[in-house]
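Computed from the coordinates by the stated procedures, all read-outs in this text should not be read as laboratory data. It should be emphasised that the depicted structure is a prediction, and the values quoted were computed from it without experimental measurement. Reconstructed Cβ throughout: ideal geometry from the backbone, glycine too, with neighbour counts over all protein chains shown.
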Amino acid sequence: MIRYLVPAVLLIAAMGCGGPSPHDGPPGGGPGGPPPGPPPAAAQELSPAQRLEKTMQDLTVRLKLKPEQAEKVQAIIKAGEDQKEKLLSEGERSDNPREMQKLFERVHQVDLETQAALGKVLTKDQLDEYKDYLKEQRRRFETGKGSGNRPPAGGRPGGVKPGGRPGGV
């Protein structure tokens, strides 16, 4: 069972990276038809570098980053994503629920450290906007829009089955 949680954690860890932004415009790319490139379903299959590039495009526009800020933000986000990837790859070897709980806590700690580092580069308004961006990414994931319009595993938002057990454990 824990083996199935790791991909979910990977997806949650990557939530801050990539995905459509409200600044992308309407689906279909507007008057010229669909945008060039792969279909939207391929967004799930982006490499970590492609997700980071997409995230930086979104954040540069949304936060109105100056070039020197964008460089620093990209380095901070990449470092955090690299740390989470390493943690999650180590966690794939464990089926122990306590170890998985520790893993979730360590991933969350990396997110907090990333946010603190960004706070040293961004203005207060930019940091607030970044936090809003993360909330939107989480909401998109929870409603299934970040995963090919499928509902999240577990049937209910948050993946909790009746009886309060996550994923029906």
**Message:** 7 Å from Cα along Cα→Cβ at both residue 85 and residue 50: what's the point-to-point distance in nm?
**Reply:** 1.4 nm
**Item:** When each of 78/102; 86/131; 54/84; 66/102; 84/120 is checked by Cα-Cα distance, pairs over 28 Å
**Value:** 66/102
